[in-house]
Amino acid sequence: MAYINLENKLPGIRSLVKYRPETGRHLYALVRVLLTGDSSLSKGEGELIAAYVSSRNGCIFCTESHASAARILFENHAQVVDEVLENGASEILSLKMNALLQLAGKVQISGKEVRSEDIERAKKAGATDLEIHDAVLISAVFCLFNRYVDGLGTSLPENSADFEEMGHFMISNEYKFHLNSNP
């Protein structure tokens with residue numbers, strides 16, 4: 001049960017977006033650009049960063065929903081998601097992606113944890129300025145989302161299998177703002 005009366009029974013961020021659509025539409029628009037927009041990071045990589053940061057923040061709703069989406073997008077390499085959630089890296093991923101995850105982990109602690117040597121490590125691993133920018137912004141945005149979702153005590157789905165359905169829904173709808181969507 002959420003800490004405030006959200007006037008709906010939706011889980012996680014979806015309940016908050018429905019409660020306050022004038023703010024929710026902007027949050028969805030930002031996530032849509034970051035996770036489905038033009039980027040040399042794949043959609044799976046963006047979802048993986050979101051899940052990793054959410055996991056480090058202990059936000060079950062965001063971790064499980066974005067990890068589900070990442071598993072779907074990584075297809076035959078879905079185990080990489082669990083490796084990253086457990087270890088912060090995976091041997092299956094490129095050096096670049098592991099460096100961006102390390103950077104995301106520092107942002108999750110505090111933006112001031114990021115040092116010039118972290119940026120240089122990512123660049124030496126092949127990350128572009130845009131990829132570094134997007135990894136940092138995804139990390140920062142998901143820190144906000146995690147605090148928003150948990151700070152208002154939103155609910156989790158009744159069935160853990162619902163997270164897989166949410167993953168499919170997020171991917172197929174590309175975070176388009178729909179108040180009446182079910183998952």
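The values are calculated or read from the model by the stated rules, or taken from the named source; none is laboratory data. Predicted model, so just to flag it, every value in this text is computed and none were measured. As a convention, Cβ positions derive from the backbone with ideal geometry for all residues, glycine included, and neighbour counts pool all protein chains shown. Side chains included, ligands, DNA and RNA excluded: accessible areas come from the protein's heavy atoms. Shrake-Rupley method; radii C 1.70, N 1.55, O 1.52, S 1.80 Å.
Rounded to the nearest whole Å², what accessible area per residue is found for the chain with the 1.4 Å probe?
Ligands and nucleic acids excluded, the figure is 52 Å² per residue.
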Kirkwood-based Rg to Rh ratio, the chain, C-alpha trace: 0.96
Sites excluded, GluC sites (Glu not before Pro) in DSSP loops with at most 13 other C-beta within 10 Å, longest stretch of the chain: 8-90
Viscosity 1.002 mPa s, temperature 20 °C, Stokes-Einstein D of segment 43-108 from Kirkwood C-alpha radius, µm²/s: 190 µm²/s
Within a Gaussian network of the chain (alpha carbon springs, distance under 10 Å), most fluctuating of Val136, Val149, Val33: Val33
Ranked order, Met170, Met97, Met1 - accessible area, probe 1.4 Å, largest first: Met1, Met170, Met97
Residues with amide H under 5 Å from that of Ser155, placed H, sequence gap 5 or more: Ala2, Gly12
Heavy atoms of His26 accessible to a 1.4 Å probe, total area in Å² rounded to 10: 120 Å²
Mean-position separation - Cα centroids, segment 1-30 and segment 50-89, in angstrom: 22 Å
With every protein chain in place, segment 102-183: carbon and sulfur % of accessible area (1.4 Å): 52 percent
Descending semi-axes in whole angstrom, ellipsoid equivalent of segment 1-40, from the Cα gyration tensor: 25, 10, 6
Rg followed by Dmax, in Å, when segment 62-157 is reduced to its Cα trace: 14.1, 42
Helix-only mean residue ellipticity at 222 nm for the chain, each DSSP H run of n ≥ 4 adding -39500 (n - 2.57), per residue, nearest 500: -21000 deg cm²/dmol
Taking all pairs of distinct alpha-carbon atoms in segment 32-71, Kirkwood radius in angstrom: 9.9 Å
